[in-house]
Amino acid sequence: MKSLAELQAIKDRMKNKVVLREGTSDIRVVVGMATCGIAAGARPVLNALVESVNDLGLSDKVSVSQTGCIGICQFEPVVEVFEPGKEKVTYVKMTAEKAREVAESHLQGGKVLTEYTLNKGEL
């Protein structure tokens, strides 16, 4: 990096790759990124969610962040969706492809993909 203009160009390029973790987002998405989650493939899931939220123009209402162990390692990668006034939705055994589907159907369209969720009897 040789100039402030070059630094600004890098910042502009990276803007579309980041969804702010702070703020007043309506929907909060959390990806389990402890060693169990990472080993099961959580990193591509996190990346797919961030990219999808940006691509769908949802970054003003959806924040995506990572957390440590969620406590259900046998179901990793795990994604939790928190919406005000609604029960938490826990998606399990996620892949990048499933994460993109969740972004379109649930985060954009409001429809929970129950086939990817944790059933209460499974614990």
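Each reported figure results from applying straightforward, stated rules to the coordinates on display, with no laboratory input. The shown structure was predicted, so the numbers you read here are calculated from the model rather than taken from an experiment. Here the Cβ is made from the backbone with ideal geometry for all residues, glycine too, and neighbour counts use every protein chain on show.
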Work out, step by step, the length gained on full extension between Leu118 and Asn47: first 0.36 nm times the residue separation, then minus their alpha carbon distance; give nm to one decimal. 23.4 nm
Among the trypsin sites (Lys or Arg not before Pro) within segment 59-111, which fall in a DSSP loop and have no more than 16 other Cβ atoms within 10 Å of their own Cβ? Lys61, Lys86, Lys88, Lys93, Lys111
From Cα pairs below 8 angstrom and at least 6 apart in sequence, can you work out the relative contact order of segment 56-114, rounded to a whole percent? 27
Tell me, in nm to one decimal, what length is gained between Glu87 and Asp60 on full extension, where the rule is 0.36 nm per residue of separation less the Cα-Cα distance? 7.6 nm
